[in-house]
Amino acid sequence: LRQDFDRITAFYYESGFQFARIDEKKLFIRKFSEGVYLRIYIDEGKIGKITVVGNSHTQDRVIIRELLFQVGSIYIQEDELESERILRRKPYLGSAEIRAERDAETMLVSIVVEVTDLWTFIPAFDLSSLNKNNADILVSLSDTNLFGSGDSARLRYQLIREDGEKPRTLITTRYTGARLFDSHWEFDGLYTQKREGNSWEVSLQRPLYSLQTRWGAEFTASESIDEIRWYEHGQKTDTFERTMQVQSGRVTRTFGDRHQQTQVALWGVSQNSNFKRIEKIAPSIANFQNKNINMIGISLGHRQTDFIRTRFLNQMGRIEDIGIGYGYGASMGYASPLYGSDGSEANLSLFFNLAQAYRDKLFLNANTDLTTR
């Protein structure tokens with residue numbers, strides 16, 4: 001029986017249940033004339049407490065919500081390693097280490113998450129010109145960990161006056177809300193004032209935040225106004241105003257485990273471009289035409305992924321998680337007048353990437369992309 005117990009716990013250890021044990025106090029034995037009935041209670045290692053240390057600005061709940069385990073769940077070593085990688089990717093954390101041990105009194109697993117906060121508030125001031133006829137003043141404030149919430153915000157103010165003209169004020173604002181209502185959905189909104197006109201972009205996405213995430217989605221809408229200048233023989237002949245509206249959506253489904261994954265994605269893009277000539281200096285062959293393209297497509301991919309830890313590769317001494325493995329896939333899209341496109345258009349993209357490490361000192365990254373349209 002002792003050997004059977006050892007084999008059971010060894011099986012759990014190999015599967016990542018580092019704190020699995022057989023509670024012999026709960027062993028139930030009943031004897032019959034034909035033999036003995038045994039009921040074995042296996043304690044897989046339930047988490048009883050999570051403590052965050054080292055954070056002076058980031059809120060505890062912001063760090064805990066990024067973990068792949070919570071109080072009451074079963075401790076698995078792979079969850080710990082990936083949770084560390086997730087935390088180290090955050091722009092507001094400089095380091096992240098997770099320690100786990102069993103509490104001798106409660107016999108539950110206690111987790112300690114040790115992190116280091118980074119300085120995330122970045123002010124900027126630029127006074128490039130200030131005289132009688134010209135003025136250019138720029139003030140910018142950004143924070144990638146607003147009030148320790150994990151959200152980011154940016155405000156940019158620019159005052160411009162050229163050749164004695166009336167001063168103009170250009171403002172850019174951006175807000176990124178991570179984990180809306182403690183879900184895995186993220187919101188990103190951008191509004192920009194430019195000389196040519198105002199532009200904006202709004203996106204809502206559910207990223208593949210973990211190697212075990214089964215599905216993700218992204219929806220984006222934007223409008224931008226830009227100035228297009230046309231040159232012939234080194235001289236500007238025309239100036240156009242281009243208004244571009246883009247809407248896109250993508251839903252991704254993942255199959256497999258942490259190391260071997262296959263992904264299938266369905267996507268669609270609608271792009272509407274309108275041109276207006278605002279200046280014509282000399283005769284030219286410039287002939288921009290309004291265009292509306294509605295394309296739907298499918299993407300297929302496969303990857304094998306693993307990670308190693310190193311230091312002093314891209315950062316100054318901090319622990320880095322380097323992904324190694326390979327991936328390949330294809331993406332096919334088609335636009336047709338049947339669903340509102342101005343004409344038919346098709347494209348095919350193929351990709352292959354490879355990442356390898358040799359003795360933790362030499363890293364090789366290779367990427368190949370081929371697109372035909």
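Can you work out which of the residues in the stretch 324-356 that are outside any strand (DSSP E or B) and of a type in the set (S, T, N, Q) is most open to solvent (accessible area, probe 1.4 Å)?
The residue in question is 344.
Please state which of the following conditions residue 176 fails to meet, knowing it meets all the rest: (1) within 30 Å of residue 70 (Cα to Cα); (2) at pLDDT 95 or above; (3) open to solvent by 60 Å² or more (accessible area, probe 1.4 Å).
(3)
Give the residues of the stretch 201-242 that are without any contact (Cβ under 8 Å) to a residue 24 or more places away in the chain and surrounded by 15 or more Cβ atoms within 10 Å (Cβ to Cβ), sorted by residue number.
Passing the criteria: 201, 203, 204, 205, 206.
Quick check, is residue 205 part of a loop (DSSP other than H, G, I, E, B) and modelled with pLDDT of 90 or more?
Criteria not met by residue 205.
Which one of the conditions (1) under 22 Å from residue 373 (Cβ atoms); (2) modelled with pLDDT of 90 or more; (3) out of contact with any Asp or Glu (no Cβ under 6 Å at 6 or more places or on another chain) does residue 250 fail to meet, given that it meets all the rest?
(3)
Check whether at least one residue in the stretch 48-57 is under 22 Å from residue 213 (Cα atoms) and crowded, with 16+ Cβ neighbours inside 10 Å, and report yes or no.
no
Name the pairs whose Cβ atoms lie under 6 Å apart, with the first residue in the stretch 1-26 and over 21 Å from residue 81 (Cα atoms), the second among the aromatic types (Phe, Trp, Tyr) and in a helix (DSSP H, G or I), and 6 or more positions between them or separate chains?
From residues that are over 21 Å from residue 81 (Cα atoms), the pairs are 22/5.
Inside the stretch 18-43, can you point out the residues that are among the charged types (D, E, K, R) and out of contact with any strand residue (DSSP E or B) (no Cβ under 7 Å at 6 or more places or on another chain)?
24, 25, 26, 31, 34 - these are the residues of the stretch 18-43 that are among the charged types (D, E, K, R) and out of contact with any strand residue (DSSP E or B) (no Cβ under 7 Å at 6 or more places or on another chain).
Open to solvent by less than 90 Å² (accessible area, probe 1.4 Å), part of a strand (DSSP E or B), touching a Lys or Arg at 6+ places or on another chain (Cβ under 7 Å) and modelled with pLDDT of 95 or more: does that describe residue 264?
Spelling it out, residue 264 is indeed open to solvent by less than 90 Å² (accessible area, probe 1.4 Å), part of a strand (DSSP E or B), touching a Lys or Arg at 6+ places or on another chain (Cβ under 7 Å) and modelled with pLDDT of 95 or more.
The values are calculated or read from the model by the stated rules, or taken from the named source; none is laboratory data. As the structure is a prediction and not an experimental result, all values here were calculated from the model. Ideal geometry is used to build each Cβ from the backbone, glycine not excepted, and the neighbour counts take in all protein chains shown. Quick note on the areas: whole protein, heavy atoms, side chains included, nothing else; ligands and nucleic acids left out. Shrake-Rupley method; radii C 1.70, N 1.55, O 1.52, S 1.80 Å.
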